[in-house]
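The values are calculated or read from the model by the stated rules, or taken from the named source; none is laboratory data. In this text, all values refer to a predicted model and were calculated from it rather than measured experimentally. All Cβ positions, even for glycine, are placed from backbone atoms using ideal geometry, and neighbour counts span all protein chains on display. Side chains are part of the model used for accessible areas, which takes the heavy atoms of the whole protein and leaves out ligands, DNA and RNA. Shrake-Rupley method; radii C 1.70, N 1.55, O 1.52, S 1.80 Å.
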Amino acid sequence: MRIAFFTVLSPIRSALADCAEGLALAMSRNQDITIDLFINDDYKPDNPQILERFKIYTYHEFTALADRYQSIMYWLGDHGRYHGFMLDFVHRYPGVVVLNDLTLHRCVMDITLNRGNTESYLAEMRYAYGDVNALEIAWRIKTGQEGDQLALDYPLIERIVDSSLGVIVHSEYGRRKILNRHPEVPVQRIPYPFFMPGQSAPIEPEKMRAEARASFNLPEDTFVVGSSGIFVPNKHLGDSLSAFAHLLPRHPNSKYILSGFAVPEYNLNAHIEQMGLSDYVTITGWQPPDAFSRQMAAFDVGIHLRYPHIGGVPYTPIRLMGLGVCTIVSDIEPLAELPQGACIKIPPDVYQRDSLRAILEHLADNPDFRKEIAHNGQQYISQNHNIVKIAERYIQTLSIYGR
Amino acid sequence: MENELTASITQTGKQIESILQKVRETSHASSPVRTAIFRRMQQTATINSHWHIAWPHWPPGIRAKVTAASQKIIRRLLQWYIDPIVEQQNQFNQTVVNALQLLADDLAALQTLCQSPSEVQQAKIDRLQRQINALYRQIQDKD
């Protein structure tokens, strides 16, 4: 079977690029399939493994090549620049869509309204929701007034789902949401696969931990808390840092590693300075996927909060847990499958800050408890997010719902 | 092995829930109203120097279109002056929001401290209580 995979690739700074590359490589190990990648035309992919293994085309070339593919997969997310180019093809060349976010509203806005094409945007809104005040909704999403919730309430995935031959999501929550509006569409829940970029050999967490800590010059007895990714306000770093600050009188050797970077409009550095944590917090900035992933192994506790959300399953907790890092996440619907006890799920409510403090203190004071959760998480990921099994599920789904 | 994992997850899950439950019972967390106020404050702290003119489409009529076009030009010409002011205001707003949050945290901590004695104070109280009990027994024995 020959598969056309519309995707994003490195050097695009997105967890979806990282994940898509790992998945594509795993799927390509099946001898019975060939995968070609189709990407946007505004960057050059730079991952040597990907460049070596796949033929990569820009999306312009697809029309001439379309007939050679038995199946098409669209790796979609709510970002116009990264995924917008796929939307036209979803309708013209139906395939299986992977909804990494449960809303594509901003993506659709980017390629219609924000490019002066008001009529297309209004047509999409009418198709999906009938007679609503579309421009008022667009304005409120654009200016951030309850933007995420509104984007979830009006996801603008309706025509995309209707055009598709099948849908893949990563949570039962996502599957139910799609089926509520589209009961006739085949929807599969396939979890994200755990893998480490640039590594095919089995992972040795202890060795990776030692190496990662050495790279930060961290003694073994330092209690390290970490958060990874692109830092935006709805990751609640204020609460995480406050919980960390609360620890310091009793654990003065602790460190907080922020592995990633903040978006320009979020002045994280000033916040850290204001809290008097400059000597304890390191912000690494953007790292390529393999270095970024390896750094996570240095953490004793990884914190990944996210609220509000747009329905997607965050990938970072999967990787943290797979690396044997005790992980704290928000107790949100997309993460309902992760059991309490394999990670620590904190409700995003009025008690969030106090809960984080209590939990972090308990983890710092009780290394055995922390290690047990880390072990549980690693075992859970090994059983439920195995990349070989997940790659096979993708191939199966594509062969069933192919063209 | 799967059973062992499930048992371990269940066990640690219960411990986690117990910690979270205790937080709910003892926390001086903000009331929902106060939390909503903080969230709204956070959402509105950042001001935008770019107000849309003639978006998503131009207003009807030539006069309105000319006015909108003039406004766009003036906005572009004044950007160098307005943007730094907006940035200063945003920095101040964010600093105030952060300071208010820190004050709220300190207040919550003080409330907790006032409600229950510290460990050191409790140890003193316990020691004094034991001394009182011992003295009371001595008095009783003498009687």
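With one equal scatterer per alpha carbon and no solvent term, the Debye-computed log10 I(q)/I(0) for the stretch B:31-115 at 0.14, 0.17 1/Å reads -0.70, -0.83. Amide H contacts of A:Ser254 (H built 1.01 Å from N, in plane; Pro and chain starts excluded): A:Phe223 sit under 5 Å, all sequence-distant by 5 or more or on other chains.
Enter the mean projected area of the convex hull around the alpha-carbon atoms of the protein assembly as shown, in nm², rounded to one decimal.
If you wrap the Cα atoms of the protein assembly as shown in a convex hull and average its projections, you get 33.0 nm².
Legend: Rg and Dmax of the stretch A:205-384, from Cα coordinates, 14.9, 43 Å.
Each residue was assigned an accessible area with a 1.4 Å probe, and for B:Leu78 the value is about 80 Å².
Provide A:Met1, A:Met275, A:Met208 ordered by accessible surface of protein heavy atoms (probe 1.4 Å), highest first.
Result, largest first: A:Met1, A:Met275, A:Met208.
Largest to smallest in accessible area, the residues A:Asp349, A:Asp41, A:Asp32, A:Asp67 fall in the order A:Asp67, A:Asp32, A:Asp41, A:Asp349 (1.4 Å probe, all protein chains included). When chain B is treated as a GNM with alpha-carbon contacts under 10 Å, the residue of B:Leu128, B:Leu107, B:Leu77 showing the greatest mean-square fluctuation is B:Leu128. Note on A:236-248: average number of Cβ atoms from other chains within 10 Å of each residue's Cβ is 1. Phi angles across the stretch A:308-317 convert, under the Karplus curve 6.51 cos²θ - 1.76 cosθ + 1.60 with θ = phi - 60°, into 3J(HN,Hα) values of x, 10, 10, x, x, 8, x, 7, 3, x Hz, Gly and Pro given as x. Against the main long axis of the alpha-carbon atoms of chain A, helix A:352-365 sits at an angle near 50°. Centroid-to-centroid, using Cα positions, the stretch A:274-314 and the stretch A:90-135 are 32 Å apart. How tilted is helix A:237-247 with respect to the longest principal axis of chain A? Cα atoms for both, answer in degrees (0 to 90, nearest 10). With both axes taken from Cα atoms, the answer is about 20 degrees. Among the listed pairs A:Lys345/B:Lys124; A:Lys55/A:Lys177; A:Lys207/A:Lys389, a Cα-Cα separation exceeding 29 Å is found for A:Lys345/B:Lys124; A:Lys55/A:Lys177. Solvent-accessible surface (1.4 Å probe) assigned to A:Phe231 amounts to roughly 0 Å². Springs between Cα atoms under 10 Å define the GNM used for chain A, and in it the highest mean-square fluctuation of A:Lys55, A:Lys389, A:Lys371 occurs at A:Lys55. Using a probe of 1.4 Å on the protein chains alone, the accessible area found for B:Thr6 is around 80 Å². Using only the alpha-carbon atoms, how far is helix A:205-215 inclined from the longest principal axis of chain A? Give it as 0 to 90 degrees, nearest 10. The angle comes out at about 70 degrees. Computed from point charges on the beta carbon alone (+1 for Lys and Arg, -1 for Asp and Glu), the dipole magnitude for chain A about its Cα centre is near 540 Debye.
Each residue of the stretch A:277-282 was assigned a 3J(HN,Hα) from its phi angle through the Karplus expression (A = 6.51, B = -1.76, C = 1.60, θ = phi - 60°), giving 10, 4, 7, 10, 10, 10 Hz with x at Gly and Pro. Shown are A:Trp75, B:Trp58, A:Trp286, whose ranking by accessible area with a 1.4 Å probe and every protein chain present, most to least, is B:Trp58, A:Trp286, A:Trp75.
Among A:Glu52, A:Glu158, A:Glu206, which one shows the biggest mean-square fluctuation in a GNM of chain A, springs joining Cα atoms closer than 10 Å? Result: A:Glu52 has the largest fluctuation of those listed. Near A:Ile344, the amide H atoms lying under 5 Å from its own belong to A:Thr327, A:Ile328, A:Val329; only residues 5 or more places off or on other chains count, and H is placed 1.01 Å from N.
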